[in-house]
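Heads up, the thing below is written out as structure tokens.
The values are calculated or read from the model by the stated rules, or taken from the named source; none is laboratory data. Predicted model, so just to flag it, every value in this text is computed and none were measured. When we count neighbours, we look across all protein chains shown, and the Cβ atoms used for this are built from the backbone with ideal geometry, even at glycine. For the accessible areas, the whole protein counts, side chains as well, though only heavy atoms, and no ligand, DNA or RNA atoms are used. Shrake-Rupley method; radii C 1.70, N 1.55, O 1.52, S 1.80 Å.
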Amino acid sequence: KLVRAVRCSPIGHNNSYVGMLIIEKKEVLKELTRVCMDNWGLMARLINLPIANLLFIKVLGKLTYPLFSELARHYEQQKQYYEEGGDPILFDSSVVLLITPEDEKMGRTEAALAAMHLMLCAETLGLGTCLSGILMEMQGKVKKVLKRHGFDTDGINISCAVIIGHPDLKRYGVPYRKKRPVVRM
């Protein structure tokens, strides 16, 4: 049903550029978590240093930087959880990567629409989802892991990454969202 939801998502010019890579193999998921934890550790050491924080603000943006700066403060706690066998990155779940050709401009937009359809469908099936920014931002390292496990990553772009699993908690209603600006003319 989730694959069908992606296949039925809106596309431009009736020509879809979005493919799916569904990762269920535990060894691949564990390696992705390890690589992400290593990167999180590096970021945690650097992000709040006076000189480095200017670079992170430039790369992440003024609004996103404070979120990552705060996440860095929790790294040691999450590292301990990870070392005890927990998975603070993928939450012991499967992952769907929505992939597009590297040079295709509409691919990212179509992948975002496909991710939205996948996530809405998953909700109706009682599954939990999380859009994983860390897998998208660490694309180069994620591709190296995938290549080591036999997936040809040449010429593709990881446009969206969705973590899918069975949630521990059931949420009713929509989570709090900040008000977004609306302008009418």
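All conditions but one from (1) of a type in the set (A, V, I, L, M); (2) in contact with a strand residue (DSSP E or B) (Cβ under 9 Å, 6 or more places away or on another chain); (3) open to solvent by 60 Å² or more (accessible area, probe 1.4 Å) apply to L71; the one that does not is (2).
Here G150, G140 are screened, and the one residue that is exposed (fewer than 10 other Cβ atoms within 10 Å of the Cβ) and part of a helix (DSSP H, G or I) is G140. Selection of the stretch 74-86 for residues being touching a residue at least 24 places away in the same chain (Cβ under 8 Å) and either at positive phi or surrounded by 17 or more Cβ atoms within 10 Å (Cβ to Cβ) (or both) yields Y75, Q78, Y82.
Could you tell me whether L118 is open to solvent by less than 60 Å² (accessible area, probe 1.4 Å), without any contact (Cβ under 8 Å) to a residue 24 or more places away in the chain and either touching a helix residue (DSSP H, G or I) at 6+ places or on another chain (Cβ under 8 Å) or farther than 24 Å from K147 by Cα (or both)?
Values: open to solvent by less than 60 Å² (accessible area, probe 1.4 Å): yes; without any contact (Cβ under 8 Å) to a residue 24 or more places away in the chain: no; either touching a helix residue (DSSP H, G or I) at 6+ places or on another chain (Cβ under 8 Å) or farther than 24 Å from K147 by Cα (or both): yes.
No, not satisfied.
Any idea how many residues of the stretch 6-45 are part of a loop (DSSP other than H, G, I, E, B) and either touching a residue at least 12 places away in the same chain (Cβ under 8 Å) or not polar (S, T, N, Q) (or both)? Before you say what the answer is, go through the steps one by one.
Let us first name the residues in the stretch 6-45 that are part of a loop (DSSP other than H, G, I, E, B), namely 8-18, 24-25.
Next, from what is left, pick out any that are either touching a residue at least 12 places away in the same chain (Cβ under 8 Å) or not polar (S, T, N, Q) (or both): 8-13, 16-18, 24-25.
Residues meeting the conditions: 11.
Do we find that G155 is open to solvent by 30 Å² or more (accessible area, probe 1.4 Å), within 25 Å of M106 (Cα to Cα), at pLDDT below 90 and of a type outside the set (S, T, Y) in this structure? Considered against the rule, which asks whether it is open to solvent by 30 Å² or more (accessible area, probe 1.4 Å), within 25 Å of M106 (Cα to Cα), at pLDDT below 90 and of a type outside the set (S, T, Y), G155 comes out as no. Scanning the stretch 22-57 for residues that are buried (at least 16 other Cβ atoms within 10 Å of the Cβ), of a type in the set (A, V, I, L, M) and touching a Phe, Trp or Tyr at 6+ places or on another chain (Cβ under 8 Å) yields a total of 5.
How many of the residues making up the stretch 91-115 are acidic (D, E) and open to solvent by less than 80 Å² (accessible area, probe 1.4 Å)? Talk me through it step by step, then tell me what you get.
Kept after step one, since they are acidic (D, E), are these residues of the stretch 91-115: 92, 102-104, 110.
Among the residues that remain, those that are also open to solvent by less than 80 Å² (accessible area, probe 1.4 Å) are: 104, 110.
Qualifying residue count for the region: 2.
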